[in-house]
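**Student:** Submitted below is the structure of interest, expressed as structure tokens.
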Amino acid sequence: MCDLEKLVIRGGKPLIGEIEISGAKNAAVAILPATLLAKGEFIIDNLPNISDIDATLDILRHLGAEITRLGKHTVRINTMGVTNKPIPEFLACKLRASYYFLGALLGRFGSARVAMPGGCNFGGVRPIDLHIKGFNALGATVGTDGEYVVAQTTASTLMGNTVFLDKPSVGATINVILAAVGAKGITVIENAAKEPHIVDIANFLNRMGAEVRCAGTERITIIGGLPMKGCEHIIIPDQIETGTYMTLAAATRGQLTLKNITSPHLDKITAKLRECGATVIPEEVDSSEQITVSASGRLKCCDIKAEAHPGFPTDMQPQFTALLSICEGTSMVTDSVWDNRFKYTDQLTKMGAQIKVSGNTACIQGTNELTGASVFANDLRAGAALIIAALAAKGTTTIGNISYIDRGYEDIVEKLSAVGADIQRVEFPDVPPVSNIQKVE
Ligand code: UD1
């Protein structure tokens, strides 16, 4: 990937102020495909204004949904004219979560053709075998045809069944729920993932008329085949965006108040920040939740083990590693969800971090101070980690590949500038204007 823009950050200042948290990306990218399960009109609110959502809405439009923006964070979706069309690579490759169209189309029409999903590759493989195993259990065959993953019911309709997931996969849990809502009979998902956005998607589907029970536990039951209709829904706050700014407040030794949050989703992040010596205060103000994180002086090391929910989220592992690289002492960070999610640490090393990676564990020897450097994001949360490191570092950092960051963080430059960050989005000076770039046939 080669972006025409980069971030230029002059670090070393404590960030102080308030940030409004956006809706959860990982809930939104599943809720939008779920609208396909009914013919009707939907109002989706608190939708994050990020490129992954634009890409998801483009796929819905391609399938015939009418989409009207009612505001920056609100869309109306009318699915009356939707038909079952293949989703080609140029649309599916823009985000990982395009795989949710497999489950949604299978649930609605009994078949789906979706090009292989794109999105972040942390440096290893991101398999979808558990999604396929789940679809198989409901009576669908799944194969490939060129660029497409093709799922097809063998009988006249999908049939409910028990699906045991070998790992509590977020994607497989949601995809099986989406398909099972359209199946005849009862589906039970054993060893289901329990992440907060799974509960949000279940609440959305239940509002549509489905019956998805016990989402948020390891055994989810879905009563399939119920009549479904359009509905209104407000997406939950983004746990990872909140956690990123919490970590940033600690790393810059500042004080940030994050508004529109759900504090129980932040328990593990709060516990680890407190262990490092930061102050974390969740509060309810005018019946809305907010959390304030502050730190003064150098924080202490701590060990982290990223696990499936309710463990410490793997999507916060890179940001915490950035923080721990300037804490006093030696921290061990293990990621037990992804095998190879430490590729970004070579970029932190360029800034002076002392990190040794062995398998899925990083050993971080805290250093007094990071220094600015020219670095590249190799995925979304790696990009967030580099922003934290850059804002805490002495000197100027430039971050390339920022389209990864735009996939998941709404208005990040504006939000950070408003709390005192010196951060700018600039075009590469050495890139010619688009009209001068020669076309390669
Ligand atoms: C989702 C999140 C991602 C997060 C991850 C874990 C979205 C769009 N993305 O990704 O940000 O890092 O959850 O919290 O919500 N696995 C298999 N076979 C499968 C599926 C997964 O072996 O068919 C393995 C993966 O390799 C990984 C683990 O299960 O080791 C967890 O993956 P999963 O929860 O499925 O991640 P995603 O849903 O892709």
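The values are calculated or read from the model by the stated rules, or taken from the named source; none is laboratory data. Keep in mind that this is a model prediction, so the values were computed, not measured. Here the Cβ positions follow ideal geometry from the backbone for every residue, glycine too, while neighbour counts run over all protein chains shown. Ligands, DNA and RNA are excluded from the accessible area calculation, which covers all protein heavy atoms including side chains. Shrake-Rupley method; radii C 1.70, N 1.55, O 1.52, S 1.80 Å.
**Student:** Kirkwood hydrodynamic radius of the range 1-147 from all distinct Cα pairs, in Å?
**Tutor:** Radius from the Kirkwood sum: 17.1 Å.
**Student:** Give me the percent of the accessible area of the chain that comes from carbon and sulfur atoms, probe 1.4 Å, all protein chains in place.
**Tutor:** Carbon with sulfur: 50 percent of the solvent-accessible area.
**Student:** Within the chain, which whole H helices from DSSP have a Cα span along their axis of at least 15 Å and a mean Kyte-Doolittle hydropathy of 1.0 or more, if any?
**Tutor:** The answer, listed by residue number, is 170-181, 380-392.
**Student:** Related question: How many percent of DSSP beta bridges within the range 293-416 run antiparallel, rounded to 5?
**Tutor:** 55
**Student:** Right, another one. Any chance you could get the radius of gyration and Dmax over the Cα atoms of the range 249-377, in Å?
**Tutor:** 14.9, 47
**Student:** Return the calculated 222 nm mean residue ellipticity for the chain, to the nearest 500 deg cm²/dmol, obtained by summing -39500 (n - 2.57) across DSSP H runs with n ≥ 4 and dividing by the residue count.
**Tutor:** -8500 deg cm²/dmol
**Student:** Once you have the Kirkwood Rh of the range 116-204 from its Cα pairs, apply Stokes-Einstein at 37 °C and 0.692 mPa s and quote D in µm²/s.
**Tutor:** Reported coefficient: 238 µm²/s.
**Student:** I would also like to ask the following. Mind checking the per residue accessible area of the range 115-224 for me, 1.4 Å probe, whole number of Å²?
**Tutor:** Spelled out: the 1.4 Å probe surface of the range 115-224, per residue, equals 39 Å².
**Student:** With r as the distance between the Cβ atoms of THR361 and GLU190 and R0 = 35 Å, compute the FRET efficiency 1/(1 + (r/R0)^6) and round to 0.05.
**Tutor:** With R0 = 35 Å, the Cβ-Cβ based efficiency is 0.75.
**Student:** Now for a separate question. Put VAL75, VAL285 in order of accessible area, largest first, 1.4 Å probe: what do you get?
**Tutor:** On the way: VAL75 0, VAL285 55 Å².
From most accessible down to least: VAL285, VAL75.
**Student:** Short version: ³J(HN,Hα) in whole Hz for each residue of the range 84-97, in order, from phi by Karplus 6.51 cos²θ - 1.76 cosθ + 1.60 (θ = phi - 60°), x for Gly and Pro, what are they?
**Tutor:** 8, 10, x, 9, x, 4, 5, 8, 6, 6, 6, 8, 4, 6
**Student:** All other residues with a Cβ under 14 Å from the Cβ of MET116 taken together, and with Lys, Arg as +1 and Asp, Glu as -1, what is their net charge?
**Tutor:** 0
**Student:** Sticking with this structure for a sec: At most 15 other C-beta atoms within 10 Å and a DSSP loop state: those are the exposed trypsin sites (Lys or Arg not before Pro) I care about. Give me the longest piece of the chain that has none.
**Tutor:** In short, 73-228.
**Student:** Cα-Cα pairs above 25 Å in the range 147-287: how many percent?
**Tutor:** Values: 4286 of 9870 pairs.
Everything past 25 Å amounts to 43 percent.
**Student:** Let me ask you something else. Counting Lys and Arg as +1 and Asp and Glu as -1, what is the net charge of the other residues whose Cβ lies under 12 Å from the Cβ of ARG274?
**Tutor:** Around ARG274, the surrounding residues sum to +1.
**Student:** Further question on the same structure: Can you tell me what percent of all Cα-Cα pairs in the range 247-299 are more than 12 Å apart?
**Tutor:** So the portion of pairs separated by more than 12 Å is 60 percent.
**Student:** When DSSP beta bridges are limited to those with both residues in the chain, what percentage is antiparallel, rounded to the nearest 5?
**Tutor:** 75
**Student:** Could you tell me what fraction of 2.2 N^0.38 Å the Cα radius of gyration of the chain comes to, as a two-decimal ratio?
**Tutor:** Taking the Cα Rg and dividing by 2.2 N^0.38 Å, one obtains 0.98.
**Student:** Using a 1.4 angstrom probe on the protein heavy atoms only, line up PHE164, PHE204, PHE376 by accessible area, largest first.
**Tutor:** PHE164, PHE376, PHE204
**Student:** Let me ask another. Taking the alpha carbon gyration tensor of the range 187-268, what are the square roots of 5 times its eigenvalues, largest first, to the nearest whole Å?
**Tutor:** 33, 15, 7
**Student:** May I ask you to give the solvent-accessible area per residue for the range 1-68, in square angstrom, as obtained with a 1.4 angstrom probe?
**Tutor:** Spelled out: the 1.4 Å probe surface of the range 1-68, per residue, equals 34 Å².
**Student:** Now for a different question. What lysines does LYS356 reach when the alpha-carbon gap must be under 19 Å and sequence neighbours fewer than 8 apart in one chain are set aside?
**Tutor:** Answer for LYS356, where 19 Å is the Cα cut-off: LYS300, LYS305, LYS343, listed by chain and number.
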